[in-house]
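Report on the structure given below.
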Amino acid sequence: MNKLVFILIGTASLLACNSNDKKTEKTREEIVQDSLAFEKAKQLAADSANATAIQWLDSTSLDMGKVKQGAVVEVSFRFKNSGSKPLVITNVSASCGCTVPEKPEKPYEPGEEGVIKAKFDSKGQQKGEHRKHVTVIANTSPGQHDLNFRVEITD
């Protein structure tokens, strides 16, 4: 049931972008990989022996202001492992193909800081306000963290 919900959310997210660039859309394989990573993170989070804590050093909701249509905006969310076990980020996904997040590959030791970055490409997007979401899955409790940003596309 959880996999079905996740796949439906992923499909709806893909349809939410009005991008004509097919290269930015997630393939079925990528959606399945996201689903598998989500399940793996859920298992890690369920094992309290591996759980740690994450502290977001800045706001988890950012306002990027106005950008000209066609511009690429980079968003950064700083974090710190505030727990006592290594922090492992198993998946970072975006609400649509117009936003491409970077997943940190290394584990973060207690007290260590890191950054989740995402690039929003406004090419092909409608003018006006856009609200985008980045989901982070990690060995924390809870295991899912939602990051958001807002951008307004102008001429």
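A short reminder: the numbers here are calculations on the coordinates, not readings from a lab. Here the structure is a predicted model, which means the values were calculated and not measured. With ideal geometry, Cβ positions are generated from the backbone for all residues, glycine too; neighbour counts draw on all protein chains shown.
Across the stretch 89-98, coupling constants 3J(HN,Hα) worked out from phi with the 6.51/-1.76/1.60 Karplus curve, θ = phi - 60°, read 8, 8, 7, 9, 10, 10, 6, 7, x, 7 Hz, and Gly and Pro carry x. Other residues within the sphere of radius under 12 Å centred on the Cβ of residue 114, judged by their own Cβ, net out at 0 (K and R +1, D and E -1).
For residue 140, the residues whose amide H sits under 5 Å from its own are 52, ignoring neighbours fewer than 5 places away on the same chain, with H placed 1.01 Å from N.
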